Amino acid sequence: MTVLRRSLPSPFGCRWCGIARRSHGRQWIASQGWHAWEQPTNAQILARMRARRAAPKES
Ligand SMILES: [Zn+2]
């Protein structure tokens, strides 16, 4: 299965769901329930940047 870059969370997206702060509002996910945007950890940011670099470019 190919993961496209646009389907990956933004490096600075919410630590729980990956949605960017400006479009976050309140979101619901199973593990956290309703939550407001929260800053990702440095390790999360780095891992997301690596994942984006590894993902193929969109054609
Ligand atoms: Zn979130």
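Filtering the stretch 15-59 down to residues that are part of a helix (DSSP H, G or I) and either within 9 Å of the ligand (Cβ to nearest atom) or of a type in the set (Lys, Arg) (or both), which residue is nearest to residue 4 (Cα to Cα)?
The initial filter retains those residues of the stretch 15-59 that are part of a helix (DSSP H, G or I), namely 21-23, 42-54.
With the extra rule that they be either within 9 Å of the ligand (Cβ to nearest atom) or of a type in the set (Lys, Arg) (or both), the set shrinks to 21-22, 48, 50, 52-53.
Details: 21: 21, 22: 22, 48: 13, 50: 13, 52: 9, 53: 11 Å.
Here the answer is 52.
Would you tally the residues in the stretch 1-14 being more than 14 Å from the ligand (Cβ to nearest atom), open to solvent by 50 Å² or more (accessible area, probe 1.4 Å) and touching a residue at least 12 places away in the same chain (Cβ under 8 Å)? The total comes to 5. Among the residues of the stretch 26-37, is any open to solvent by 60 Å² or more (accessible area, probe 1.4 Å) and within 23 Å of residue 53 (Cβ to Cβ)? No.
The values are calculated or read from the model by the stated rules, or taken from the named source; none is laboratory data. Note that the structure is a prediction, hence the values are computed from the model and not measured. Positions of Cβ are generated from backbone atoms using ideal geometry, with glycine treated the same way; all protein chains shown enter the neighbour counts. When the accessible area is computed, the model is the full protein with side chains, heavy atoms only, and any ligands, DNA or RNA have been set aside. Shrake-Rupley method; radii C 1.70, N 1.55, O 1.52, S 1.80 Å.
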